[in-house]
Each structure stands twice: as C-alpha cells, then as structure tokens.
Amino acid sequence: MRIVATVAALRQALTDARLAGKRIGLVPTMGYLHDGHLELVRASRAQCDVTVLSIFVNPTQFGANEDLSTYPRDLERDEQMCRDAGVSILFAPNVQEIYPACFDTYVVPGELARPLCGAHRPGHFRGVATVVCKLFNMVQPDVAFFGQKDFQQGAVVRRMTLDLNLPIEVVMVPTVREPDGLAMSSRNRYLGEDERRRALAISRGLSAALDAFRGGERDAGRLVALAREHVESIGQIQYLDLVDCDTLNPVVGLVHRPAALCVAAYVGSTRLIDNVILTPPDP
Ligand code: AMP
C-alpha cells in the first residue's frame with residue numbers, strides 16, 4: 001500500500017495504473033475507520049483494480065458548534081486497517097493541501113441539500129460537495145463508493161456528478177450494523193455505556209417500520225409514527241421523515257415508490273443518523 005499526503009504524490013502514484021487502463025475506485029472517508037468503511041473497500045475491490053481510500057476530516061462540512069476539533073482520529077490504526085483490507089493507495093492530506101490560503105471556490109448543491117440534515121446543518125452539503133468534487137478531480141476514479149448510512153449525502157453527490165458531467169459512477173453500499181443493529185459510525189465512540197444502550201432505539205424504530213412495511217403497511221404517517229414510538233425514548237429527535245428516494249420530498253399518503261425513512265437524533269450530546277429504504281415490490 002502506498003501512503004501519500006499530497007495531490008502531486010497521489011497523481012504520481014496513480015500514473016501507471018491509469019496508463020495501464022486499470023479501473024480505479026475511490027472510497028472517501030473522514031477516518032477512524034470501522035467495518036462500514038471497510039465494506040466500501042470490499043465493494044471497490046470487487047469492482048476495481050486499484051482502490052484509493054482518502055482520509056480527510058473536512059472542516060468545511062462542520063458547523064461552528066459541531067465536533068470538528070474533537071472528531072476521532074487515529075491514523076496509525078487506520079493505516080493498518082487499510083493494509084489489511086487491501087487498499088492500494090491511502091491518501092491522507094492535511095488541511096492546507098486541500099484548502100490552501102486563498103481557496104475561494106465552492107460547489108453549492110440545490111434542492112436535495114435542503115431537507116433532513118441540510119435543514120439542521122447549514123452549509124454542510126456545500127462542504128461535502130466541494131470536498132468530494134475536489135477528491136474526484138484529484139483521483140479521477142472510475143467509480144466512487146459511498147455508504148447508505150449517509151443517504152442524503154449519496155443523493156447530493158450523485159446529483160452533483162450528473163449536473164457537473166463528472167465521468168464517475170457513484171455506488172451506494174448498504175449500511176453495516178453492529179450485531180445488535182446500531183449503524184456503525186465513527187461517532188459511536190462518543191457514546192457512554194448507557195447512551196450506547198439507548199442509541200439502539202434508533203435502529204429498533206427503523207426496523208419496526210421496515211417490518212410493518214414488509215407486512216403490507218403503506219401509510220406514510222403510520223410508518224413514521226411506528227418508528228417514532230421507539231426513537232422517542234431517546235428524548236431528542238432532530239428529524240424523523242419519510243422521503244422519496246429520488247427527490248427527498250416528504251411522502252404524503254401511501255408509499256408507492258422507493259422511500260427513505262431517515263432519522264437524526266441526539267443521544268446525550270452525540271448526534272446520530274440512520275435510515276432504512278422502503279421499496280414497494282413491482283406491481
Ligand atoms: P465518514 O468517515 O463517516 O465520512 O464516512 C465515509 C463513508 O463511509 C461515507 O460514504 C459513509 O456513508 C460510509 N459509511 C459510514 N458508516 C457506514 C456504515 N455503517 N455502513 C456503510 N457505510 C458507512
């Protein structure tokens with residue numbers, strides 16, 4: 001595995017692969033890796049010859065009162081996990097490499113960035129779209145892999161690649177969960193023992209709604225209420241919405257098309273997000 005910290009070294013490391021016509025996969029992350037990230041690596045290795053994993057805690061996607069300074073970091077451990085997982089190139093730049101002093105150009109997503117996390121984290125998806133666009137230009141991958149856990153992020157990134165004619169396929173990989181159902185997240189390490197137990201209400205609520213949906217329930221209000229009964233026990237739901245998978249508009253009435261039941265909730269001071277996709281069977 002090559003470890004590079006600059007765009008020049010990254011491009012150099014990719015030259016031979018590109019000349020040889022190898023298929024290049026990119027897995028963008030903020031590090032503190034877990035099995036959810038490694039699932040993206042596995043997906044990339046299954047589809048690509050070369051897998052680039054980037055680790056960059058992107059300051060522009062954090063709000064002023066968010067956890068940028070305390071975001072968990074452990075580059076040594078991440079390096080070993082990348083080696084073991086068969087990553088070809090680990091790209092771990094510092095902030096100046098990505099945002100030099102005079103940096104002044106951003107990618108601003110539109111409607112898809114408005115609801116859900118976008119409504120509660122102003123500027124978040126502008127930061128995400130900007131850094132992902134930059135990573136796409138630095139790596140120029142054939143395919144990029146994102147997790148379904150950040151469903152809105154995947155939707156925003158997919159829209160951006162289409163709107164900006166970036167010749168990159170965006171693949172969304174299903175959420176990897178702990179054995180008890182909690183979606184894996186670097187932020188889970190913030191949770192104390194009691195919070196970790198209470199956090200389970202999120203996945204329980206989503207899975208109760210998914211079970212009801214599979215059992216034939218199609219009423220959006222009832223599906224949301226079912227999930228809410230569980231998630232409410234945590235105390236602080238930021239949002240719990242059933243949205244159309246393509247437009248992210250709220251589903252009103254019956255679920256006819258694929259929809260995402262998305263939640264953001266605070267467990268103590270830790271904000272967690274999760275979702276399930278409800279896909280009606282073909283008529
Ligand atoms: P992060 O490091 O949290 O920014 O995540 C980097 C990538 O890993 C994003 O595409 C996430 O959606 C994805 N990811 C994070 N957690 C999971 C998970 N539990 N299962 C699958 N993908 C995940």
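In table form, for the structure just shown:
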| quantity | calculated |
| --- | --- |
| Integer Hz, Karplus 6.51/-1.76/1.60 couplings in order for the stretch 93-104, x for Gly and Pro | x, 8, 5, 5, 5, 8, 10, x, 3, 9, 3, 8 |
| Over the stretch 4-131, relative contact order from alpha-carbon pairs under 8 Å, at least 6 apart, % | 30 percent |
| For the stretch 34-96: accessible area per residue (Å², 1.4 Å) | 47 Å² |
| Kyte-Doolittle mean at least 0.5 and Cα axial length at least 20 Å: DSSP H helices in the chain | 124-139, 200-214 |
| Amide hydrogen neighbours beyond the local backbone of Val173, cut-off 5 Å, H modeled | Phe146, Gly147, Gln148 |
| Cα-derived Rg over Rh, computed across the stretch 140-283 with Rh taken as Kirkwood radius | 0.99 |
| For Cys262, solvent-accessible area (1.4 Å; no DNA, RNA or ligand), Å² | 10 Å² |
| Solvent-accessible surface ranking, highest first, for Arg73, Arg187, Arg23 at 1.4 angstrom | Arg73, Arg23, Arg187 |
| 1.4 Å probe accessible area per residue over the stretch 203-274, in Å² | 46 Å² |
| Heavy-atom accessible surface of the chain: percent carbon and sulfur, 1.4 Å | 49 percent |
| Cα shape, the stretch 2-173, gyration tensor, a/c 1.5 rule | rounded |
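The values are calculated or read from the model by the stated rules, or taken from the named source; none is laboratory data. Bear in mind that the values here come from a model prediction, so they are computed numbers and not experimental data. Ligands, DNA and RNA are excluded from the accessible area calculation, which covers all protein heavy atoms including side chains. Shrake-Rupley method; radii C 1.70, N 1.55, O 1.52, S 1.80 Å.
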